[in-house]
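Let me begin by presenting the structure, written as structure tokens, before commenting on it.
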Amino acid sequence: MLDPRAADELPGEMDPALRSEVAHTTANAIVHQGRAAEDPEIVRRLVSLVEAEGLDTVAGMWADSPPNTLPGALWRLYVLREWVRRDPRTVSERYRTGVQRAEVHDVVAGVASPPGPDEVSQVVDAVLSGVFAADLAVALERGAAFCRVLATGAALDADDVGEHDHALAHRMTRGASGLVRTAEELEHAAALWRTGVLD
């Protein structure tokens, strides 16, 4: 397998076919290693992969992968975790707002009530742990439900902000739309995993 750092040192852009091969190989290796190990320490290290390797390194491997692939699904979960890690207060406030209108998704996501910064961080870590130690499809669906509650909260916040800051409300609405799209992508990836074709 080509190491991502070695790939960066190659002259010119990496061949798209090679980039795709690296993405799929690393994603499969990480998921299968985590699932085979049955070691909580390995799972913990895989959950905190972005902290250890850096978001740029992980992005270099998976960010260009389509959402209906294993590396694409993992990328979306890791980006979600990184957002929660960097801004847990905003995420928990949006989640708390969204729960009022998205109760079913809240149940699937499994965030403790009331959802504070620690609780949203714990659920995202639990979702990623599920990728390596439980049913991957369920983990993806939990991530999707989490995104849907956040999207609802962001849309409601945008309505409130829209009265005095149209530009911010527009950005928040676009963010909510992006979260819904991510939720749909994770749900589709879960369905593909169940049929054995998520690679």
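The values are calculated or read from the model by the stated rules, or taken from the named source; none is laboratory data. None of the values given here were measured: they were computed from a predicted structure. Cβ atoms come from the backbone with ideal geometry, glycine included; neighbour counts cover every protein chain shown. The accessibility values were calculated without ligands, DNA or RNA, using every heavy atom of the protein model including side chains. Shrake-Rupley method; radii C 1.70, N 1.55, O 1.52, S 1.80 Å.
Within the chain, the longest run free of exposed loop sites, counting GluC sites (Glu not before Pro) that sit outside DSSP helix and strand states (H, G, I, E, B) and have at most 14 other Cβ atoms within 10 Å, spans 39-162. For the chain, the dipole from Cβ point charges (+1 on Lys and Arg, -1 on Asp and Glu) about the Cα centre works out to 320 debye, to the nearest 20. A DSSP coil position with no more than 16 other Cβ atoms inside 10 Å describes the following trypsin sites (Lys or Arg not before Pro) in the stretch 94-199: Arg101.
Taking only protein heavy atoms into account and a 1.4 Å probe, give the accessible area per residue of the chain in Å².
Result: 52 Å² of accessible area for each residue.
For the stretch 58-73, putting each phi into the Karplus relation 6.51 cos²θ - 1.76 cosθ + 1.60 with θ = phi - 60° gives couplings of 5, 4, x, 7, 10, 4, 8, 6, x, x, 8, 10, 4, x, x, 5 Hz, in residue order, rounded to whole numbers and with x for Gly and Pro.
Taking every C-alpha pair closer than 8 Å and separated by at least 6 residues, the mean separation divided by the residue count of the chain gives a relative contact order of 22 percent. The local environment of Ala144, defined by Cβ-Cβ distances under 15 Å, has a net charge of 0 under the rule Lys, Arg +1 and Asp, Glu -1. Report summary: the helix-based calculation at 222 nm, which adds -39500 (n - 2.57) for every DSSP H run with n ≥ 4 and divides by the residues of the chain, gives -25500 deg cm²/dmol.
Projecting the Cα atoms of Leu198, Trp83, Val180 onto the charge dipole of the chain (Cβ charges, centred on the Cα centre) puts Val180 farthest toward the positive pole. Each of Thr25, Thr97, Ala154 was scored by the projection of its Cα onto the charge dipole of the chain, and the greatest displacement toward the positive side belongs to Thr97; charges sit on the C-beta of Lys, Arg, Asp and Glu.
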